[in-house]
Amino acid sequence: MNARPDASSLPIRLADYRAPAWRVERVELDFELGIATTEIGAKLLLRRDPAQDESLRLDGENLELISIALDGEVLADDAYRLVDGGLEVHGARDGSVLETRVRVHPAANTALEGLYLSGPSETGFLLTQCEAQGFRHITFFPDRPDVQAIYTVTLRADRARFPVLLAGGNPDGSGELEDGRHWARFVDPHPKPAYLFALVAGRLEKIEQDYRTADGRDVQLKIWAEADAIDRCHYAMDALVRSMRWDEQAYGRNYDLDVFHVVATHDFNMGAMENKGLNIFNTKCLLADADSSTDDEYRRVEAVVAHEYFHNWSGNRVTCRDWFQLSLKEGFTVYREQCFSADMNSAPLKRIEDVGLLRRAQFPEDAGPLAHPVRPAEYREINNFYTATVYEKGAELVRMLAGKLGTAGFRRGTDLYFSRNDGRAAALEDFLAALGEANDVDLSPYLAWYGQSGTPRLKAHGHYDATRHEYTLTLSQHTPASLQQPRKQPLPIPVKLALFGSDGRMLPLHTDGQTDASEIVVVLDEAEQCFVFRDVPERPVPSLLRGLSAPAVLECDYTPAELALLLGHDPDGFNRWDAGQQLALRAYDALRDGAHNGAVNAWCDTLAALFDDARLDAALLADLLVPPGEIELAERESVVDPARIYTLRQQLQQRLAARIGADKLEARYRSLAAQSTAGIDAVSQANRSLKQRVLQLLALLDPTAACHHAATQYLDAPSMTDRLAALGVLARHDAARSVEPLVHYRKRYASDPLALDKWFALQAQLPGEGALARVQALEADPAFTLKNPNRARALLGTWANGNPSGFHRADGAGYRLYADRLLALDALNPQIAARLATAFNGWQRLEPHRREAAHAALASLAGHDQLSRNLAEIVGNMLK
Ligand code: 0A1
Ligand code: ZN
């Protein structure tokens, strides 16, 4: 059933963009819905660009054409032609109306793209996913985002089987039909690209709330889910209302329809989708309650609800000209979502989380065979470009621009961007132009960031002239060459900085331009530049790239004592954390190289002192106590041995635990455990976060004591966060003792897919070579299936991406099993197979045995002739 478009098809290039020769002004869609078969009638009012004389060509895949008529006349066989991936029609004119009728098979659609079934045939519901190119699996249409039409959608179906019928836009009537069937119509007055079309039909429950926008529109907010999940939608509703208010206040953006629907499904390829007026969510990003959701999950629900809602302006009202501009909507919307979450929670903790993700997911992507610019120059399969680079690095670029313009200037710029481009399909140049023009600055140098892949290395060297009290900071930049871009150019890098005195206080800064600020931004836009600070009373310790003011890697010749000073004293939580991360890297290097213990001691001593500092926020302390992860550590090695990295990182943490001491860890654990609650307020979350970290550290010193606490905590846990934390410690440190709680959890949550996913993921994460056998055993669990993306990701994705020492076995058996599963997955769902295949990223730097085995697994995948275009592109790039 899945399309197997020619895997070797030619790439699509940004440079080849041309405006569409044919547009659709209005479209009327008629769905005769059924689980096995659905029929779709489409009536397209066509507009032709008089400057182009191409004949009409529509996209369409896996569609059975039932009938076709042009301007009311049934088309003769020679007046149209079904071609690979579409339909050509002869004789159409400007203003012509094309009518087609097609048949599709939702229950057989395992790729979850187009119209598909969520859940079992008897009880599940129908829904659509059209981004990026799913609409062509529904009807023949110019499926490109610069074709924007007004949609009228009529749904017809059996009332008992499909009591709820939803589509994007405003409701425009409903009623009964013969034979127990009914209909509902929706009209969307805002012209939209096809990727924002959506429908949902089936048995769903709802919660609802009224909302009045700042500009006075009454909106009905409705969240829909299957009966067993509807009670877990209240937090999402609360987050939605807060998102709507925030967008009114922060960006002056109001909602623009009378209804806003949100639907939850267990079967979804991504996190969620911003379809106009009908957002569809993976349950993982929508459902939340104290018994089954962790604190991280609550935060994710809040963030994703906001993200999809914010798209209504950054993505829907102003959409993308073509898919190369994807970051125009995604980078900007991630940035908006990050700011919202920072406002709702703690700004430094949010920044720590975001930078952690950037370093763990985006930096490695940007340094490996899948590296691409935020605006790629070419692609074969657009679904492979929903990447950390387009999303996370894209958000960093917007953050950089926002930082440059300041809050008021950025708002002036976005106001102009939204008003000037409302209803249009825009390009990244339009974004930069609006921000720049509204502020009278030329932002065009920043475009270079969008076209160049790779993470710039920022080198810093300071020189203090004690007689002149002058401090000269020399900054230089270098971006490593990549296959596609052997020569990289210097970029404008805003470097936010401060200088610290030896007593840990910030020094006032005197430069030519500014005086007396304690924090300033300098822009490095050449390969190397010097910046001079006057009246500096003593040799300062510079704090650089504060807040990660640009997505770069800082290389500075700090001594461990200097980093320890910043870790101990920086008033900004994020910068303090970042100094701690840099110091931990030094400590790690020292352990690895058997070098002098200076850095290890500096890291451990400083953290041990902070551990005793009652003024420090518990959640920040928890983050400070975690060294960079295995993936980040591997990024710095030219030859990677994941098992050795794991061992060294464990040793480093053991040193920290020993320095703090078992007694203190034990006492802190007891005091935090005594204050445990089920609340999701910031204090309760911080308590849980620190309690978990303390227990993990204690387990490295005294596993018996820690497992004793963990066993009790598992039984008494008032929240999922505590329950899972306890289970994690038990499973890692006392396998035998973890059996009973694991069985207990499995039974308790047998009918809760999201909780079961966490059970699979927790075990897939257990380090070491035993992981392979564990994964195989878990595959035999009756609840395991490759057909559900969340389940496949929970087991296979967590193992390959979140457990380096378990996946990268020296004998290569991990790679072989994984390649096998990717093949099986590819036959069902190419998008998920391709995404999971990116776990091989970095294989070229593995030590020789593993590298050879990884290469063999990739080569065997590449040798299959039935690969989807999705998987073929990833594997092909990996082997370039
Ligand atoms: N635009 C969505 C992400 C998304 C992309 C592709 C999808 O199907 C292939 C689904 C969702 C977002 O950014 O939230
Ligand atoms: Zn998005």
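Nothing in this text is a laboratory measurement; each read-out follows from the coordinates by a stated rule. For clarity, every value in this text was computed on a predicted model and none was experimentally measured. Using ideal geometry, Cβ is built from the backbone for each residue, glycine included, and neighbour counts are taken over all protein chains shown.
Nothing charged except the Cβ atoms of Lys and Arg (+1) and of Asp and Glu (-1): what's the magnitude of the dipole of region 549-707 about its Cα centre? Round to the nearest 20 debye.
Its charge dipole is roughly 600 debye.
If you place +1 on the Cβ of every Lys and Arg, -1 on the Cβ of every Asp and Glu, and leave all else neutral, what size is the dipole of the chain about its Cα centre, to the nearest 20 Debye?
Details: 96 positive and 122 negative charges, 283 e Å.
It works out to roughly 1360 debye.
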If one compares the long axis through the Cα atoms of helix 394-421 with the longest principal axis of the Cα atoms of the chain, the angle in degrees, nearest 10, works out at 30 degrees
For region 507-633 (alpha-carbon point model, no solvent) the Debye-based log₁₀ I(q)/I(0) at q = 0.10 Å⁻¹ works out to -0.37
Cα-Cα longer than 28 Å, checked against K222/K691; K350/K758; K393/K880; K276/K747; K284/K747, kept in input order, equals K222/K691; K276/K747
Mean Cβ-within-10 Å packing, highest first, puts peptides 333-340, 778-785, 36-43 in the order 333-340, 36-43, 778-785
Per residue, the convex hull enclosing the Cα atoms of the chain spans a volume in Å³ of 162 Å³
Checked region 94-215 with the C-alpha gyration tensor, a ≥ b ≥ c its square-rooted eigenvalues, rounded below a/c of 1.5, otherwise prolate if a/b is larger than b/c and oblate if not; verdict rounded
Checked against the positive end of the charge dipole of region 49-166 (+1 on Cβ of Lys and Arg, -1 on Cβ of Asp and Glu, about the Cα centre), the farthest of L75, L58, V102 is V102
Once normalised by the length of region 5-66, the mean sequence separation of its alpha carbon contacts under 8 Å that are 6 or more apart gives a contact order in percent of 30 percent
Projected onto their principal axes, the Cα atoms of region 622-691 stretch, largest extent first, over whole-Å spans of 46, 28, 16
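As a footprinting exposure proxy, order F268, F310 by other Cβ within 10 Å, with the fewest listed first.
Final ranking by Cβ density, sparse to dense: F268, F310.
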Sequence order, region 231-245: Karplus ³J(HN,Hα) from phi using 6.51 cos²θ - 1.76 cosθ + 1.60, θ = phi - 60°, Hz rounded, Gly and Pro as x, gives 5, 9, 9, 5, 5, 5, 5, 4, 5, 5, 4, 5, 5, 5, 5
Exposure proxy check on R670, R136: fewest-to-most Cβ neighbours within 10 Å is R670, R136
Most packed first (mean Cβ within 10 Å per residue), the peptides 732-738, 588-594, 161-167 order as 161-167, 732-738, 588-594
Answer in debye to the nearest 20: the dipole magnitude of region 392-520 about its Cα centre, from +1 Lys/Arg and -1 Asp/Glu charges placed on Cβ, is 440 debye
Debye calc, one equal point scatterer per Cα of region 205-296, no solvent, log10 I(q)/I(0) at q = 0.11, 0.14, 0.20 1/Å comes to -0.31, -0.51, -0.98
Charge dipole of the chain built from unit charges on the beta carbon (Lys, Arg +1; Asp, Glu -1), centred at mean Cα; most positive-end Cα among G175, H463, G315 is H463
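Would you please put 168-174, 464-470, 696-702 in order of how densely packed they are, using the mean number of other Cβ atoms within 10 angstrom per residue and starting with the highest?
Ranked from most to least packed, the peptides come out as 696-702, 168-174, 464-470.
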Looks like region 549-623, by Cα gyration tensor root eigenvalues a ≥ b ≥ c and the a/c under 1.5 rounded cutoff (else prolate when a/b is bigger than b/c, oblate otherwise), is oblate
Ranked on Cβ counts within 10 Å of their own Cβ, fewest leading, V262, V743 go V743, V262
Yeah, region 303-456 with a ≥ b ≥ c from its alpha-carbon gyration tensor (a/c under 1.5 is rounded, else prolate when a/b outruns b/c, oblate otherwise) is rounded
Relative to the chain, whose Cα atoms define the longest principal axis, helix 662-674 and its Cα axis are tilted in degrees, nearest 10, by 40 degrees
In degrees rounded to 10, the 0-90 angle between helix 703-716 Cα long axis and the longest Cα principal axis of the chain is 40 degrees
With the dipole of the chain defined by +1 on each Lys or Arg Cβ and -1 on each Asp or Glu Cβ, the option from V153, A21, V200 whose Cα lies farthest towards the positive pole is V200
